[in-house]
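The next block holds one structure in the form of structure tokens; read it before the comments.
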Amino acid sequence: MAAAISAEQVKGRGSTCPPPSLKKKGCGALAHLPMLIYGSPMHVSRSFLATILPGVLAFAGLLFFHLIFGADASAQSNSLPRNEQIMYGDRQFSPAELKANNDLLQSLDRSGVSRRDAARRAVVLGFRHFREGDMATAVKRFNQAWLVDSEYGRAYWGLAIVSFERDKDAATAERLFLKAAELSPKDAKLHVDVGRFFGKTGNPSKAGVYFERALKIDEDVRDAHRGLALAYASQMKFRQALDHAKIAKQRGETLKPNAVPFLACLVGMIEKGLELNQKNAALCADP
């Protein structure tokens, strides 16, 4: 169930960034994943307007973020092997399992490798397997990290994205993301990912809180400005959205080329006292 971590696993060092052969631009636990992280790009078109403007005017936050990040998903029952369940199914261990866990920890202590370093290495491997699409091995490594060091925030981070991406369990993912942020208050990339999670689940106000926290930790952290642009736009705070979209564009963060002109046009209409309706906004989309 909780197989011992090999010498190669526990003695490695490094961040959660993938090796050069896998690395893409940017680096963060979720920076290399598909739609879960970045969602679909911001589309500024008539189809976008037809879908979003009525919703923006009536239900701005929820519809905007569901359009950009995708719809929320409901939890599913978990019939996987126990070592592939989040925190081993969050159930009490049997006497045999407790003995196996204790043997693992004692073996690790005798090796001279600290539990935090062992947990860190297991998380690195977990994210690597996740990016490669091997969800089963990824969650095993995240579980090992949690078992070895239950105070290591990035172990909860990994388990959170598995809960959300694989299990479609937003409630558990939220609990784990918040625990990760609590244990790692200075981890800017983690806070960006927490913001993404709240954006995807239709809570742009809370998403903005975590994007802002990420920037306070590290003003150069990637994708926080893009996240804030989306969060503010979903709340019809188009001036703030434009400011962050401009910065995001300068930093090479993922935005459609016409996103900044579109937001600038909306801000101009508002400043002129024009009604922000579908017809007028269509002029911004098709100047």
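The values are calculated or read from the model by the stated rules, or taken from the named source; none is laboratory data. Quantities reported herein were computed from a predicted structural model and do not represent experimental measurements. Every residue, glycine among them, receives a Cβ derived from its backbone with ideal geometry; neighbour counts consider all protein chains shown.
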Seminar exercise, completed: Of (1) assigned to a helix (DSSP H, G or I); (2) at pLDDT 90 or above, Asp220 satisfies every one except (1)
Seminar exercise, completed: Here the residues within the stretch 255-286 that are touching a Phe, Trp or Tyr at 6+ places or on another chain (Cβ under 7 Å) and modelled with pLDDT under 85 are Cys284, Ala285
For this session: Just name the residue that is surrounded by the most Cβ atoms within 10 Å (Cβ to Cβ) out of those in the stretch 188-213 that are charged (D, E, K, R) and under 13 Å from the mean Cα position of the chain (by Cα).
Result: Arg196
Exercise. Quick check, is Ala138 touching a residue at least 12 places away in the same chain (Cβ under 8 Å), assigned to a helix (DSSP H, G or I) and touching a Gly at 6+ places or on another chain (Cβ under 7 Å)?
Worked result: yes
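Would you pick out the residues in the stretch 269-287 that are assigned to a helix (DSSP H, G or I) and in contact (Cβ under 8 Å) with a residue 12 or more places away in the chain?
The first filter runs over the stretch 269-287 and keeps only residues assigned to a helix (DSSP H, G or I), leaving 269-271, 278-285.
Matches in the stretch 269-287: Met269, Ile270, Gln278, Ala281, Ala282, Leu283, Cys284, Ala285.
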For this session: Might you let me know whether the stretch 153-172 holds any residue that is surrounded by fewer than 19 Cβ atoms within 10 Å (Cβ to Cβ), in contact (Cβ under 8 Å) with a residue 12 or more places away in the chain, out of contact with any helix residue (DSSP H, G or I) (no Cβ under 8 Å at 6 or more places or on another chain) and not in a loop (DSSP other than H, G, I, E, B)?
Result: yes
For this session: Could you figure out which of (1) at pLDDT below 95; (2) β-branched (Val, Ile, Thr); (3) part of a helix (DSSP H, G or I) isn't true of Val209?
Result: (1)
For this session: Quick one: count up the residues across the stretch 244-257 that are over 19 Å from Arg196 (Cβ atoms) and in contact with a helix residue (DSSP H, G or I) (Cβ under 8 Å, 6 or more places away or on another chain).
Result: 1
Exercise. How about the stretch 222-252: which of its residues are in contact (Cβ under 8 Å) with a residue 40 or more places away in the chain and surrounded by fewer than 24 Cβ atoms within 10 Å (Cβ to Cβ)?
Worked result: Arg222, Gln235, Met236, Gly252
